[in-house]
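Remarks on the structure that follows.
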Amino acid sequence: MHIITTTTDLAAFCERAAKTPYVTVDTEFLRERTYYSKLCLIQLAFRGDGETDAALVDPLVEGLSLEPLLDLFRNPDVVKVFHAARQDLEIFYIDHGVIPHPLFDSQVAAMVAGFGEQVGYETLVRKIAKQSLDKSSRFTDWSRRPLSDSQKAYALADVTHLRVIYEFLRQKLAETGRDRWVEEEIATLLAPETYVTRPEDAWMRVKTRSNAPRFLALVKELARFRESYAQERNVPRSRVYKDDALVELASTKPGDMADLGRSRLLLREARKGEIANGILAAVHRAQSMPKDQLPSQDMARQSPQVNPALADLLRVLLKAKTESSGVASKLIATSAELDALASGERNVPALQGWRREVFGDDALRLCDGRVGLAAKGKQVQIIEL
């Protein structure tokens, strides 16, 4: 089993891959003890002779440059095929500033092609490639060397079967005319901002029960400090303090070390040193913030005045559209989007692009009272009013 450990060998492999229409890609990484993923292995394959058309790349080898691979990622004539690409792409963008293009994500394509929501690679291997996967190396420390034969075989299977899956899905999408739908979804994966977490925006991911502006200012400043600290030191944000501790701090508003010592949820390491000082400084900034600068929950995060009956009808319509189109329901519209529609909101993804064709137009007609729903046997049909 070929493992690439030199830049020369990597360049030779990528040169051969560049002459083919696509290359399948996967990575193995660790993230349990760091903020950013640590790349441990790269798997590559293309349609070839069966002997030299697949390889493992060891990025941990000293002196190995990934530049030949990055050049292949930039090559507009070769489609880069991933499954559930987001984390893989984040690694290459954060470490090298490169997002592979053109891009194909088999998980997105499978959701459009009728294989269900967030379908796993193992399922596609079984249903499309008619093969089974060895799961024995699923939970392993990929940073350890040497890799066992079973680890190598497990890793390589992530790209060899993907060739069959890609060719099947590409043909199916072409036959149904849904290529454009997948391209619309992949546009998000190609946007650099998808992989950038700004400390000043980190508070928006924290779930809170209060929308009081001063409380939100405390959440914002505490989340900003935590994100900055985690990024600068490359440690998981949960190692700084978890969300429940953050919300507790925003509620108790500690003013000194003694107050911090009374926190129930704060880790012991966070009650002293840099983290403790950062917490107290964040609380002080929030408490000193002028009223006209206090944050507020935007309309998207506030509880809309939902018409519950209409929301239920929209869910029935979505289920009917999911069954008729074969597209995963969560890819068409989320529960939050349905509630937003039922509250009168119209600036939602479900009313844009291909989603509008599949669901959005009829959803608007239902909201406006121009159509109704009726059960006929096991199917739900749209009735003109």
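Observations on the structure shown:
- DSSP bridge orientation in the chain - percent antiparallel, rounded to nearest 5: 70 percent
- Shape class of region 308-384 from the alpha-carbon gyration tensor: oblate, with a/c at 1.5 or above and b/c at least as large as a/b.
- Cα gyration tensor shape of region 158-216, rounded if a/c is under 1.5, else prolate or oblate by comparing a/b with b/c: prolate
- Given +1 at the Cβ of Lys and Arg, -1 at the Cβ of Asp and Glu and no other charges, the dipole of region 1-108 around its Cα centre is 260 debye to the nearest 20.
- Over all other residues within a Cβ to Cβ distance under 14 Å of G97, the charged ones net out to -4, with Lys and Arg as +1 and Asp and Glu as -1.
- L103 long-range amide H proximity, modeled H, under 5 Å: K80
- Net charge of the neighbourhood of L173, taken over other residues with C-beta under 13 Å away and scored Lys/Arg +1, Asp/Glu -1, is -3.
- Charge dipole (Cα centre; +1 on Lys/Arg Cβ, -1 on Asp/Glu Cβ; no other charges) of region 143-256 amounts to roughly 380 debye.
- Eligible lysines near K220 by straight Cα distance, threshold 22 Å, same-chain separation 8 or greater: K207, K242, K253, K272, K291
- Taking all Cα pairs closer than 8 Å and separated by 6 or more residues, the relative contact order of region 3-195 comes to 24 percent.
- Annotation note: trypsin sites (Lys or Arg not before Pro) in region 328-385 located in DSSP loop regions with a Cβ neighbour count of at most 15 within 10 Å are R346, R370, K378.
- Here percent of Cα pairs over 29 Å apart was computed from the coordinates, and among (1) 57; (2) 50; (3) 46 the match is (1).
- Rounded to whole Hz, the Karplus (6.51, -1.76, 1.60) HN-Hα couplings of region 305-311, x for glycine and proline: 7, 7, 7, x, 5, 5, 4
- Taking the chain and dividing mean pair separation by its residue count, relative contact order in percent (alpha carbons under 8 Å, at least six apart): 14 percent
- Proximity of backbone amide H atoms, modeled 1.01 Å from N, is registered between T27 and Q43 at under 5 Å, excluding neighbours fewer than 5 places apart on the same chain.
- Cα extents for region 3-195 along the principal axes, largest to smallest and rounded to whole angstrom: 47, 38, 33.
- Among D95, D368, D77, the largest mean-square fluctuation in a Gaussian network model of the chain (Cα springs under 10 Å) belongs to D368.
- An oblate overall shape is assigned to region 122-227, the ratio a/c of its alpha-carbon gyration tensor axes (a ≥ b ≥ c) being 1.5 or greater and a/b not exceeding b/c.
- For region 350-367, putting each phi into the Karplus relation 6.51 cos²θ - 1.76 cosθ + 1.60 with θ = phi - 60° gives couplings of 5, 9, 10, x, 5, 4, 5, 5, 6, 9, x, 4, 5, 5, 5, 5, 5, 4 Hz, in residue order, rounded to whole numbers and with x for Gly and Pro.
- For S65, distant residues with modelled amide H under 5 Å away: T7
- Think of it as helices only: each DSSP H run of n ≥ 4 in the chain is worth -39500 (n - 2.57), and spread over all residues that comes to -13500 deg cm²/dmol at 222 nm.
- Taking Lys and Arg as +1 and Asp and Glu as -1, the other residues whose beta-carbon sits under 13 Å from that of R33 total +3.
- Structure remark: mean-square fluctuation, Gaussian network model of the chain, C-alpha springs under 10 Å; the largest value among H161, H83, H284 belongs to H284.
Read-outs: derived from the displayed coordinates by stated rules, not from any lab. Values in this document were obtained by computation on a predicted structure and should not be read as measured data. Backbone-built Cβ (ideal geometry, glycine too); neighbour counts: all protein chains shown.
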